[in-house]
Amino acid sequence: MLLSRKDMRYNIMKVLVTGGVGYIGSHTCVELLNEGHEVVIVDDLSNSKIEVLDKIKTMTNKEAKFYQLDILDRDAFEVVFKENKIDAVIHFAGKKAVGESCEKPIMYYHNNITGTLILTELMQKYSVSTIIFSSSATVYGIPETVPLTEDMPLSTINPYGTTKLFCERILADIQVANPTWSVTLLRYFNPIGAHSSGLIGEEPNGIPNNLLPYIVKVANGDLECLHVFGDDYDTPDGTCIRDYIHVVDLAKGHLKALNKAKESGVHIYNLGTGIGYSVLDIIHSFEKANNLKLNYKITARRPGDAAISYSDPTKANKELDWVAVKNIEDMCRDSYNFIVKQKY
């Protein structure tokens, strides 16, 4: 017996991916296409490259439908909903640099929050009731205890984190007002790595804000020296400890969340490994995985950095049947492999 599209709704779906050409978005699109889902990508290419679309097609032998537009342009964005019967949304689009958010808070609040409001207005208008939101461990602020669980108090220390927290609350309120909605909030820890093919990965413009892209640029010779911000924290080697997760594991977490999204309600999950690595752990693991030495020096602490932050991923392990399987050596090797392959 042939299944109708309604019967197939939570098997094969047409998924709108905002920010789908970006770092995490592109890896998630690969996983979605490989699972047989139809993918519609919206991206303004402000922090991504159009060439990634061809790479996604090469990796999957499938083509995602693409719209180049800013989701703040409501009229242009509405065309996507008019032209496609969307079943679910995975929402990545947004500004994401912590430092820049402190310098330009108005831009961050307008872009990240207004963009989410426009998206949800269109979802409601076109009867789309399933959304998976790209949130962040920044909503926990500076934690008093670790590991971090989903029910811990929330607070933020920068505008970027506050936009994530506000968007979480907006989506939760929408679900209360619309009980048929399924809202999934995925709180990422520190995504690093790249696809093992070397075709897609993280390639930020300028001096990176995050550790691994910074390390890679030093290893590649684009930057002379890596600055380690502080070695006097109350940790075994004095440097900050974080939970790093391979971007492919993270992308697979979105597929698991999509399966869970057939249940209405608000679902919140940490996506991390549950293992904390210090900055020096990462540097030495990168050197070992890629057989090279990094030039780095210790500098003053940055304001607002927590000494230790890592996840308790138990809830995602149990409820989503999701486990991060790639280790720190995989993350370091794949990160460098991607940059090396871009040169040739």
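The values are calculated or read from the model by the stated rules, or taken from the named source; none is laboratory data. All figures in this text were calculated on a predicted structure; none of them were measured in a lab. All Cβ positions, glycine included, derive from the backbone under ideal geometry; neighbour counts span all protein chains shown.
Number of residues in region 74-130 that are modelled with pLDDT of 95 or more and touching a strand residue (DSSP E or B) at 6+ places or on another chain (Cβ under 9 Å): the value is 25.
Within region 187-202, restricting attention to residues that are assigned to a loop (DSSP other than H, G, I, E, B) and buried (at least 19 other Cβ atoms within 10 Å of the Cβ), the residue that is farthest from the chain's Cα centre (by Cα) is Leu199. Consider region 49-102 and keep the residues that are among the hydroxyl-bearing types (Ser, Thr, Tyr) and assigned to a helix (DSSP H, G or I). The one that is surrounded by the fewest Cβ atoms within 10 Å (Cβ to Cβ) is Thr58.
When region 111-133 is filtered for residues that are β-branched (Val, Ile, Thr) and not in a helix (DSSP H, G or I), the ones remaining, listed by number, are Val128, Thr130, Ile131, Ile132. When Ala289, Ala300 are checked against the criterion of being among the small types (Gly, Ala, Ser) and modelled with pLDDT of 95 or more, a single residue qualifies: Ala289. Could we say that Leu148 is hydrophobic (A, V, I, L, M, F, W, C), free of Cβ contacts under 8 Å to residues at least 40 places away in the same chain and over 19 Å from Ala257 (Cα atoms) here? Criteria not met by Leu148. Number of residues in region 203-229 that are touching a residue at least 40 places away in the same chain (Cβ under 8 Å), buried (at least 17 other Cβ atoms within 10 Å of the Cβ) and assigned to a loop (DSSP other than H, G, I, E, B): the value is 1. Considering Thr162, Thr145, Thr184, which residue is surrounded by fewer than 19 Cβ atoms within 10 Å (Cβ to Cβ) and either more than 22 Å from Ala306 (Cβ to Cβ) or out of contact with any helix residue (DSSP H, G or I) (no Cβ under 7 Å at 6 or more places or on another chain) (or both)? Residue meeting the stated conditions: Thr145. Evaluated against (1) closer than 24 Å to Ile200 by Cβ; (2) over 19 Å from the mean Cα position of the chain (by Cα); (3) assigned to a loop (DSSP other than H, G, I, E, B); (4) not small (Gly, Ala, Ser), Asn11 falls short on exactly one condition, (1). Across region 230-248, the qualifying residues are those that are in contact with a Phe, Trp or Tyr (Cβ under 8 Å, 6 or more places away or on another chain) and either assigned to a loop (DSSP other than H, G, I, E, B) or not β-branched (Val, Ile, Thr) (or both), and the one among them that is surrounded by the fewest Cβ atoms within 10 Å (Cβ to Cβ) is Thr239.
Residues in region 103-116 that are surrounded by 15 or more Cβ atoms within 10 Å (Cβ to Cβ) and of a type outside the set (Lys, Arg): Pro105, Tyr108, Tyr109, Asn111, Asn112, Ile113, Gly115, Thr116. Pairing residues of region 244-271 that are over 22 Å from Asn34 (Cβ atoms) and among the acidic types (Asp, Glu) with residues that are modelled with pLDDT of 95 or more and in a strand (DSSP E or B), at Cβ distances under 8 Å and at least 6 apart in sequence or on separate chains, gives Glu263/Ser182. Scan region 119-142 for residues that are of a type in the set (A, V, I, L, M, F, W, C) and surrounded by fewer than 19 Cβ atoms within 10 Å (Cβ to Cβ) and the total you get is 1.
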